[in-house]
Amino acid sequence: MDLTERRVSSQTIFEGRIIKVTLDQAQLPDGKLASREVVYHPGGVAVLALDRDNTVYLVRQYRYPIQQLLLELPAGKLDHGTEESVLLGAQRELSEETGLKAAEWTYLGYTLASPGFCDEALHMYLARGLTRSPSHPDEDEFLDVVTMPFDQLVSQVMDGTITDGKTVSTTLKVKTLLGL
């Protein structure tokens, strides 16, 4: 059975600095029409930076949409309208948020943030061979760098202390990849 929904029409209802929102009419597999609200996002990156003694680097920052402080991996959006590679975006975000540079990068694939309404893909990396330099967050970015043992991060993911999707996904992929 063909389960594809086909766009019949699309109207942009909002276009901001980061996202674009459309209201689409889609033809369903049975021929009926349905409205679909779609959020378009340039995508993002998340980096699990792991040093020689299995310490990870996280950032604590306030997330306005949910009105909470979250502990999460260094991450950020890819630059809109550029040909920035995913790896360059990951390197930029790690440096900006933590001041870290990595000699070894392992791509872990991507996860879809919430495909029921948004096309955002979050690309995940493991960064090793770390060296420090000064961090330089964006001017509207306020965060604290937090370190913890990788095992503690896994425990906090598993007990629900850490709920950020990109952090959960990346942590569990690294745990499986490295057998830690």
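Of 116, 129, which residue is at positive phi and small (Gly, Ala, Ser)?
Going through 116, 129 in turn, just one is at positive phi and small (Gly, Ala, Ser): 129.
Just name the residue that is nearest to residue 38 (Cα to Cα) out of those in segment 7-24 that are open to solvent by less than 90 Å² (accessible area, probe 1.4 Å) and outside any strand (DSSP E or B).
Per the criteria, the residue is 19.
Are any residues in segment 147-165 β-branched (Val, Ile, Thr) and either without any contact (Cβ under 8 Å) to a residue 24 or more places away in the chain or farther than 15 Å from residue 54 by Cβ (or both), and if so, which ones?
157, 161, 162, 163, listed by residue number.
Inside segment 25-38, can you point out the residues that are in a loop (DSSP other than H, G, I, E, B) and of a type in the set (A, V, I, L, M)?
28
If a residue has to be open to solvent by 90 Å² or more (accessible area, probe 1.4 Å), out of contact with any Leu (no Cβ under 9 Å at 6 or more places or on another chain) and closer than 17 Å to residue 109 by Cα to count, how many in segment 158-180 make the cut?
The qualifying residues number 1.
Just to check your reading of the model, which residue among 39, 59 is among the β-branched types (Val, Ile, Thr), modelled with pLDDT of 95 or more and in contact with a Ser or Thr (Cβ under 8 Å, 6 or more places away or on another chain)?
Values: 39 fails: in contact with a Ser or Thr (Cβ under 8 Å, 6 or more places away or on another chain).
One residue alone meets the criteria, 59.
The values are calculated or read from the model by the stated rules, or taken from the named source; none is laboratory data. Everything numeric here is computed off the predicted structure, so don't read it as measured data. In this analysis, Cβ positions are derived from the backbone assuming ideal geometry, glycine residues included, and neighbour counts consider all displayed protein chains. Accessible surface areas use protein heavy atoms only, side chains included; no ligands, DNA or RNA. Shrake-Rupley method; radii C 1.70, N 1.55, O 1.52, S 1.80 Å.
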